[in-house]
Amino acid sequence: VEDASRGTRAVLRASAGLSRRVPARIVACAQRARDVHVRAGYDAGRMVVVANGYDLARFRPDPAARARLRGELGIGAGLCLGMVGRYHPDKDHANLLAALGLLARDTDFTLLLAGAGTGPENRKLAAEIAAAGLSERCIMAGPRGDILAVMNALDLHILASRTEGFPNVLCEAMACATPCVSTDVGDAALILGPTGALCPPRDPAALAAAIRQVLAQGGDGQEARARIVENFGMAPMLQGFRQVWGAAYGHV
């Protein structure tokens, strides 16, 4: 909110006032989003959190997709770390690259970056990758239409963001049985639960340590997928909306 434009802040103030009169309920997809809006003046009594749900028949372990994409990108059978996310200050690619520069001192890996602005045409990002000493290790894949394959191709998904609401990429990766490391932003802790590892944002050394921790633990990612199946499938989300509708209007 503090970083929002003047116009956005004006809309936020107006909406906060209307929140006490117009809607029966206001649904947020993340606990953090709810808390931010309540602090901005929204009616806390009308705000309900319904977490996002995912099509687990689509986002699932897919060895064929993994092999295909790894072959296409020339990754081979080695360790592949990656982050799916647009190139934006909030995603903090600088934090990711600094952490992986530390990791590269004694660990061999390929880094896969996917998302808008992460292709080779982004000279600023390419220069940041070079400054971290990762040019020979990094694949700048840019925007992809096959995120399912990307998540399966990774051995570890890393979210280095400085701010988030409900980071969908964590759920998508975990549903594909890909373990995750994340900065402790938004609802990342709620999503990961006892799986993966969290670290403070904007702290490359802590991020590198969290990556090392998960790599040392090994595992096949089934615990991560089980967490998504139990908590973030389509059924829990639909049930949440049914409950909101019933509480607001007396029927479902």
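The values are calculated or read from the model by the stated rules, or taken from the named source; none is laboratory data. Since we're looking at a predicted model, the values are computed, not measured. Cβ placement follows ideal geometry from the backbone for every residue including glycine, while neighbour counts extend to all protein chains displayed. Side chains are part of the model used for accessible areas, which takes the heavy atoms of the whole protein and leaves out ligands, DNA and RNA. Shrake-Rupley method; radii C 1.70, N 1.55, O 1.52, S 1.80 Å.
For region 1-160, the relative contact order comes to 24 percent (Cα pairs under 8 Å, sequence separation of at least 6).
Between Cys138 and Leu111, the built amide H atoms are under 5 Å apart, and every one of these is 5 or more places off in sequence or on another chain. Expressed per residue, the C-alpha convex hull volume of region 82-139 stands at 67 Å³. Considering every alpha-carbon pair of region 12-96, the percent of pairs per 10 Å bin, from zero through the bin containing the longest distance, is 13, 25, 25, 20, 13, 4.
Extension gain, Arg68-Asn231: 0.36 nm per intervening residue step, less the Cα-Cα distance, totals 55.7 nm.
When the P(r) of region 140-231 is calculated, the portion above 23 Å amounts to 17% of the C-alpha pairs.
Amide H contacts of Asp92 (H built 1.01 Å from N, in plane; Pro and chain starts excluded): Arg162 sit under 5 Å, all sequence-distant by 5 or more or on other chains. Per-residue extension of 0.36 nm, minus the Cα-Cα distance of Leu238 and Ala44, leaves a gain of 67.6 nm for this segment. Entry note: region 31-163 has Rg to Rh equal to 1.06, where both radii use alpha-carbon atoms and Rh is the Kirkwood radius. Solvent-accessible area of region 141-252 (1.4 angstrom probe, protein heavy atoms only): carbon and sulfur portion equals 55 percent. Using R₀ = 30 Å, calculate the FRET efficiency as 1/(1 + (r/R₀)^6) where r is the Cβ-Cβ separation of Trp245 and Arg162; round to 0.05. With a Förster radius of 30 Å, E is 0.30.
Ligands, DNA and RNA are left out, and with a 1.4 angstrom probe the accessible area of the chain is 48 Å² per residue.
Here the gap between Arg9 and Ala189, fully extended at 0.36 nm per residue and compared with their Cα-Cα distance, gives a gain of 62.0 nm.
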